Amino acid sequence: MPFILDDVDVVSEVAGLSSALIVPCNMCPAINQAVREEKPFIQLFRSFLKSAPFEKHLEALQSQLEEQGVRTEVFTSNIPYQWFLCMWTSGQRKKLQKHARRHEAVIVMGCDSATATVRDSVKETDAKVIEGMEVVGFLNAQMSFHLPFNISFEDCKMVPMSQQEKQEDISA
């Protein structure tokens with residue numbers, strides 16, 4: 001069950017810095033972006049194991065930061081089992097640490113658990129960890145397959161996270 005994530009304005013967080021490494025989780029944020037744009041999450045024959053809507057979203061973030069004078073790089077992993085940032089191997093975490101040393105900030109595009117993974121991975125660097133997204137709920141959806149091997153999500157609903165919100169829904 002993917003999280004529903006909203007973007008956080010990171011421009012003010014990087015003000016005065018010269019470089020930032022964008023570290024995306026390739027699962028929940030990518031699913032969210034595809035659902036928002038009502039586009040396939042993955043088109044296996046077009047972009048193989050990349051989510052085109054999320055790739056465009058990351059490019060837009062890079063452009064926005066570069067307009068503010070912040071040099072950016074996106075940390076990538078094309079190995080499917082490393083798509084879930086919160087479950088990265090020690091090797092992937094070491095690779096992140098190495099890349100983070102070249103930047104003043106690390107922007108995490110993922111949930112709180114993804115941020116914890118990044119924070120632990122870069123703690124021996126001077127990089128400032130910035131949360132680029134916040135969790136607002138769970139996504140309840142139906143996965144669908146369409147030719148030629150496109151994966152999409154349909155009938156999407158947000159499920160609240162807190163008991164208080166559940167009680168408000170029941171009494172409404």
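At a glance:
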read-out	value
Residue within the range 63-73 that is within 17 Å of Ala15 (Cβ to Cβ), buried (at least 19 other Cβ atoms within 10 Å of the Cβ) and of a type in the set (Gly, Ala, Ser) present	no
Filtered residues of the range 110-144 (kept if surrounded by 11 or more Cβ atoms within 10 Å (Cβ to Cβ), farther than 21 Å from Val10 by Cβ and hydrophobic (A, V, I, L, M, F, W, C))	Phe138, Leu139, Ala141
All positions within the range 68-95 that are modelled with pLDDT under 95 and of a type in the set (A, V, I, L, M)	Ile79, Leu85, Met87
Residue match in the range 40-62 (condition: over 30 Å from Leu147 (Cβ atoms), hydrophobic (A, V, I, L, M, F, W, C) and within 12 Å of the chain's Cα centre (by Cα))	yes
Subset of the range 152-168 that is modelled with pLDDT under 85 and in a loop (DSSP other than H, G, I, E, B) - its residue that is surrounded by the fewest Cβ atoms within 10 Å (Cβ to Cβ)	Ser162
Filter result (touching a Leu at 6+ places or on another chain (Cβ under 6 Å) and not in a helix (DSSP H, G or I)) within the range 25-62	Cys25
Output for the range 1-24, where each listed residue is surrounded by fewer than 23 Cβ atoms within 10 Å (Cβ to Cβ), outside any loop (DSSP other than H, G, I, E, B) and either in contact with a Pro (Cβ under 7 Å, 6 or more places away or on another chain) or among the charged types (D, E, K, R) (or both)	Asp6, Asp7
Residues located in the range 15-43, provided they are in contact (Cβ under 8 Å) with a residue 24 or more places away in the chain and among the charged types (D, E, K, R)	Lys39
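The values are calculated or read from the model by the stated rules, or taken from the named source; none is laboratory data. Treat the numbers as computed from the prediction; the structure is a model and nothing was measured. No Cβ is skipped: glycine too gets one built from the backbone with ideal geometry, and neighbour counts run over all protein chains shown.
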